[in-house]
Amino acid sequence: MPLILETVVTTLSAAGTMHLVPFGLIREDEDFVLAPFRPSPTIENLAERPYFTASAPSDVRVIAGVVTGRRDWPVVDCDTIPGKRLADCFGHAEFEVAAVEDDPQRPRYRGRMVHAVSHVPFIGYNRAQGAVIEAAILSTRLHMLSPEKVLTEMAYHAIAIAKTAGPAEREAWDWIEDKVAGALGRSGRVLDGTSCPR
Ligand SMILES: Cc1cc2nc3c(=O)[nH]c(=O)nc-3n(C[C@H](O)[C@H](O)[C@H](O)COP(=O)(O)O)c2cc1C
C-alpha cells in the first residue's frame with residue numbers, strides 16, 4: 001500500500017470560488033495523487049484551474065468541521081500558484097496537476113509539488129487528533145457501513161478522546177458524534193455513555 005497523507009485540500013474555480021475539503025493524498029514517487037469520488041466540486045475546479053493546495057491543520061476541528069457542515073475556515077493566498085491555503089496550519093504544499101487519469105467514479109490527479117513551507121513547529125503526535133481524523137473519515141462513509149461497524153469503531157476511537165483530547169479535539173469529536181447519532185437515529189453519544197454501542 002502507498003503512503004497516504006490526510007490533508008485539507010483547497011482548489012479554486014475559474015471565477016475564484018474556493019472549495020476546501022479533507023482528502024488523502026497518495027504518494028507516488030515524488031508526486032502526490034488526489035483522488036476525489038464523483039461528483040465533487042474539487043473535480044470541477046481542477047478542470048478549470050489545474051492546481052491544488054494541501055494544508056496540515058494544527059486544529060483538527062477544521063477536518064471534523066468540514067465533514068459536519070462547518071466550512072468557513074480562514075485562508076490566505078498561496079505563494080506560487082493561484083490558490084488558497086489554511087491560514088492556521090503546521091505547513092502547506094502547493095501542487096500543479098502534471099497528469100490526469102480520468103475515471104467514471106474516481107479520477108486521479110497527479111500533483112507535482114512546486115512549493116512547500118512549514119509555519120508552526122510540530123513537536124508531538126496526539127492520539128485524540130488521530131482519533132478525530134479516523135472518526136471524520138468514518139462519518140463520510142456512513143452510507144456504506146453497518147451501524148454495528150460504525151459504533152464499534154467509534155467506541156474504539158472514543159478511548160483516545162477520553163484519555164488525550166484537549167478542548168478543541170473534544171469539540172471536534174462531539175460534532176462527529178452528533179452527525180453519527182443523527183444518521184443512525186440515536187439520541188445518546190458513544191463517549192458519554194448515555195447510550196452504549198450495540
Ligand atoms: C481525513 C479525510 C480524508 C478523506 N479523503 C478522501 C479522498 O481521498 N477522496 C474522497 O473522495 N473523499 C475523501 N474524504 C471524504 C470527503 O472529504 C468528503 O466526502 C467530502 O464531503 C467530499 O467533498 P466534495 O464532494 O465537496 O469535494 C476524506 C475525508 C476525510 C475526513
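Could you please tell me which pairs satisfy a Cβ distance under 6 Å, a separation of 6+ or placement on different chains, a first residue in segment 15-29 that is closer than 22 Å to Ala87 by Cβ and touching a residue at least 60 places away in the same chain (Cβ under 8 Å), and a second residue that is among the basic types (Lys, Arg) and more than 8 Å from the ligand (Cβ to nearest atom)?
Close Cβ pairs satisfying both conditions: Met18/Lys84.
Any residue that is within 21 Å of Asp79 (Cα to Cα), more than 12 Å from the ligand (Cβ to nearest atom) and either among the polar types (S, T, N, Q) or touching a strand residue (DSSP E or B) at 6+ places or on another chain (Cβ under 6 Å) (or both) - is there at least one of those in segment 32-48?
Scanning segment 32-48 turns up no residue that is within 21 Å of Asp79 (Cα to Cα), more than 12 Å from the ligand (Cβ to nearest atom) and either among the polar types (S, T, N, Q) or touching a strand residue (DSSP E or B) at 6+ places or on another chain (Cβ under 6 Å) (or both).
Residues of segment 7-20 being crowded, with 18+ Cβ neighbours inside 10 Å and within 12 Å of the ligand (Cβ to nearest atom), which ones?
If the condition is that a residue be crowded, with 18+ Cβ neighbours inside 10 Å and within 12 Å of the ligand (Cβ to nearest atom), then Thr7, Val8, Val9, Thr10, Thr11, His19, Leu20 are the ones that fit.
Residues being away from the ligand (no atom under 13 Å from the Cβ) and surrounded by fewer than 17 Cβ atoms within 10 Å (Cβ to Cβ): count how many of those fall in segment 59-81.
Residues meeting the conditions: 6.
Please find, within segment 126-169, the residue that is surrounded by the most Cβ atoms within 10 Å (Cβ to Cβ) out of those that are farther than 18 Å from Val66 by Cβ and of a type in the set (D, E, K, R).
Among residues in segment 126-169 that are farther than 18 Å from Val66 by Cβ and of a type in the set (D, E, K, R), the one surrounded by the most Cβ atoms within 10 Å (Cβ to Cβ) is Glu153.
Listed residues Ala155, Ala135; which is among the small types (Gly, Ala, Ser), within 27 Å of Cys89 (Cβ to Cβ) and not assigned by TED's automatic domain parsing to the domain that holds Val66?
The match here is Ala135.
The values are calculated or read from the model by the stated rules, or taken from the named source; none is laboratory data. Here the structure is a predicted model, which is why all the values come from computation and not from measurement. Quick reminder, even Gly has a Cβ in these numbers, built from the backbone with ideal geometry, and neighbours come from all protein chains shown.
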